[in-house]
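To start, the structure under review is shown below, and the notes come after it.
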Amino acid sequence: MTQPSEIERLIEMMAKLPGLGPRSARRAVLHLVARRDAQLAPLARQMQLVADTARECTNCGNIGTADLCPICTDPRRANGQICVVETVADLWAMERASVFSGRYHVLGGTLSALDAIGPEELRIPQLVARIDEEAVREVILALPATVDGQTTAHYIADRLEERVALTSLAQGVPIGGELDFLDDGTITAALNARKPL
Amino acid sequence: MEVFTETQGRHAGVVRGGASRRMAPVLQPGAQLDVTWRARLAEHIGAFTVEPLRARAALAMGDARALAGLQSVTALLAFCLPERAPHAALYRRSVALLDLLPERELWPLGYLQWELALLAEMGFGLDLSACAVTGATGDLAFVSPRSGRAVSRAGAGDWADRLLPLPPCLLGEGEAQDAEVALALGTTGHFLHHHLAPHLGDRPVPEARRRFVELLARRAA
């Protein structure tokens, strides 16, 4: 051990974060310690604040600091559309694109036969309840293009059939993608979803 | 990752970078892969190197029945098969079934026949060749829930309501409409739940199968 145990412990904790390993954690800690007042102390305070206040939105499953997240409390987002996503990371990705102006519903996973995840483990009953409560006209299924993701999409579509308009994200060639580098499945999906020009 | 192979049966191993953007589309249930397994000792979990051969997931994406059936197949294989014990015949049946994924009309019947093959491979095959009571080969309408043998209408007599239905599709006859296949899956389901599952330590049969059968019955209604 070359550092005091407190700093070594911080490095170990940082190294467990996604995208960081022992070497990058060591670099990050060194960087923070060298800027104790400007970065380390404010970061510690902010982390403590988030640790004290972060919670799951009781309506949509997003992460916020109140019972209802800012999206669910914004009346402009109540436009009759709900976008169903697997995780909060997917919700944030959709928000980053700034193209969707409705509300979200985070399932917290997808149905998985091999991992024994059934509908009871997901926030599907809450979604069904929201359809009437929020006068939803359209549910957009933005779930992963995987076997588990699409099985979940079909399951939800089955539960909501005839109650609301159901749409799903298109599948196919990504922007900037070259056919030569795409896997067979993506090319198949893209060809099946071709549209007239 | 777990794979089902012709010569090694169900086999587990680690795929380094398996969750990466490049590998995630390859490692989907139902995919045909060329894998090489390496470990220092045979009892280690070891690591796979993976080369994709055929991606089948995209063929099923738009079809709820195919997706639900695919989930049921993979879950049942994981449920039934012991690790590293070859089941070559079942492997070939499974590959043939997965090749039917784009054939929406044939898929439910193909699945039913696969499930019969699974039961047979596990030692709980149904004998539907002749009536267990009279020996007759015609007018077979029921299956004995205890022996798995066919029973004719005449042979059933007053016991008919205690027997399982034997729709023509179980005998490879008729048009095998979805409702009939769902009924037949009720019969094979009895043997999965009451004969095979107790043999496997009384673990519950995967829910994915129930969801597939329910979907089939609902679509047929």
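The values are calculated or read from the model by the stated rules, or taken from the named source; none is laboratory data. In this text the structure is predicted, and so the values were computed from the model without any measurement. Please note: Cβ atoms are built from the backbone with ideal geometry, for glycine as well, and neighbour counts cover all protein chains shown.
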Notebook entry, point to check: Just to be sure, is residue B:35 touching a helix residue (DSSP H, G or I) at 6+ places or on another chain (Cβ under 9 Å), over 17 Å from residue B:76 (Cβ atoms) and of a type in the set (A, V, I, L, M)?
Noted result: no
Margin query: So, in region B:154-173, exactly how many residues are surrounded by 15 or more Cβ atoms within 10 Å (Cβ to Cβ) and more than 18 Å from residue B:192 (Cα to Cα)?
Written below: 3
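Select from region B:170-204 the residues that are small (Gly, Ala, Ser) and within 15 Å of the chain's Cα centre (by Cα) and list them in ascending order.
Residues of region B:170-204 that are small (Gly, Ala, Ser), as a first pass: B:172, B:174, B:176, B:179, B:182, B:184, B:186, B:189, B:197, B:201.
If the condition is that a residue be small (Gly, Ala, Ser) and within 15 Å of the chain's Cα centre (by Cα), then B:182, B:184, B:186, B:189, B:197 are the ones that fit.
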Next item on the list: Please determine, by comparing only the residues of region B:59-86 that are at the interface with chain A (Cβ under 7 Å from one of its Cβ atoms), aliphatic (A, V, I, L, M) and in contact (Cβ under 8 Å) with a residue 60 or more places away in the chain, which one is surrounded by the most Cβ atoms within 10 Å (Cβ to Cβ).
Entry: B:68
Next item on the list: Spot the failing condition for residue B:54; the list is (1) within 14 Å of another protein chain (Cβ to nearest Cβ); (2) more than 19 Å from residue A:154 (Cβ to Cβ); (3) surrounded by 19 or more Cβ atoms within 10 Å (Cβ to Cβ); (4) not polar (S, T, N, Q), and only one is missed.
Entry: (3)
Next item on the list: Give region B:10-37 a look and list any residue that's assigned to a strand (DSSP E or B), more than 19 Å from the chain's Cα centre (by Cα) and surrounded by 13 or more Cβ atoms within 10 Å (Cβ to Cβ), or say none.
Entry: B:12, B:14, B:33, B:35, B:37
Check: Taking region B:31-68 as the search range and keeping residues that are of a type outside the set (A, V, I, L, M, F, W, C) and closer than 19 Å to residue A:143 by Cα, which one is modelled with the highest pLDDT?
Finding: B:65
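For region B:107-120, state whether one or more residues are polar (S, T, N, Q), part of a helix (DSSP H, G or I) and at pLDDT 95 or above. I'd like the intermediate steps shown before the answer.
Step one: list which residues in region B:107-120 are polar (S, T, N, Q), which gives B:113.
Next cut, part of a helix (DSSP H, G or I) only: B:113.
Subsequent filtering for residues that are at pLDDT 95 or above retains B:113.
The answer is yes, given that some residue of region B:107-120 is polar (S, T, N, Q), part of a helix (DSSP H, G or I) and at pLDDT 95 or above.
Can we say residue B:7 is part of a strand (DSSP E or B), among the hydroxyl-bearing types (Ser, Thr, Tyr) and surrounded by fewer than 13 Cβ atoms within 10 Å (Cβ to Cβ)?
Working: part of a strand (DSSP E or B): no; among the hydroxyl-bearing types (Ser, Thr, Tyr): yes; surrounded by fewer than 13 Cβ atoms within 10 Å (Cβ to Cβ): yes.
No, not satisfied.
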Next item on the list: Might you check whether a residue that is in a helix (DSSP H, G or I), in contact with a Ser or Thr (Cβ under 8 Å, 6 or more places away or on another chain), within 25 Å of residue B:200 (Cβ to Cβ) and aliphatic (A, V, I, L, M) occurs anywhere in region B:129-152?
Entry: no
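In region A:81-197, which helices (runs of 4 or more DSSP H) lie fully inside it and hold 3 or more residues that are under 23 Å from residue A:63 (Cβ atoms) and within 14 Å of another protein chain (Cβ to nearest Cβ)?
Working: elements: A:88-97, A:124-133, A:147-160, A:184-192.
Answer list for region A:81-197: A:147-160.
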Notebook entry, point to check: Looking at region A:63-93, which of its residues are in contact with a helix residue (DSSP H, G or I) (Cβ under 6 Å, 6 or more places away or on another chain) and not hydrophobic (A, V, I, L, M, F, W, C)?
Noted result: A:65, A:77
Note to self: Being under 27 Å from the mean Cα position of the chain (by Cα), surrounded by fewer than 12 Cβ atoms within 10 Å (Cβ to Cβ) and not aliphatic (A, V, I, L, M) is the filter here; which residues of region B:38-51 pass it?
What the structure shows: B:51
Next item on the list: Say whether the condition of being under 20 Å from residue A:165 (Cα atoms), of a type in the set (A, V, I, L, M) and loosely packed, with under 14 Cβ neighbours inside 10 Å is met by at least one residue in region A:85-99.
Entry: yes
